[in-house]
Amino acid sequence: MHTLKKNRPLRRIVLASAATVSGMVLLLSLKPHSTPAVAGLATSPAPSSSSSTSSGTTGSSGLATGTRTLTGDSVQTRYGPVQVRATLKNGKLTDVTAVTYPQENPRDQQINAYAVPQLTREALTAQSADIDTVSGATYTSEGYRQSLQSALDSAGR
């Protein structure tokens, strides 16, 4: 005879209650996919293209000497805008900072916390926008590369 037949109604009640409680626990443990209110404030876009020069002169080779900070174009990607700021000292790329990049949700934050520093290292090593794509951050990598190239183009590199 089957264990859930009429002569054992209490067992059915216990099993149904346990299944209901388990289902509720699973539903309540799910985290909603929502954007934190603070993250929206941190990603205000910077001007689309600007450059500022601090103590720069042009040498005989045509390259600027001194320190120049150039902001690249804001590149719209599938997951949001990407914009970088490059610092050149005596024509050499000394710093690259991601001004704007996708960080609207926890997954974007996780991916770009890994990808942006790696892209910065690649750019400083290559001294150009000819850098490799970071696996798992293809769109951010492409936007980073395009924005950096626009900053370098405005410097005449």
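Laboratory data are not the source of any read-out in this text; all were calculated from the coordinates shown. As the structure is a computational prediction, the values presented were derived from the model and not from experiment. Here the Cβ positions follow ideal geometry from the backbone for every residue, glycine too, while neighbour counts run over all protein chains shown.
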Relative packing of 144-156, 90-102, 69-81, 117-129, which averages over residues the other C-beta atoms within 10 Å, highest first: 144-156, 69-81, 90-102, 117-129
Spin-label pair residue 17/residue 130, simplified geometry with 7 Å Cα→Cβ offset, distance in nm: 7.2 nm
Percent of Cα pairs exceeding the 21 Å cut-off, where the set is the range 61-155: 26 percent
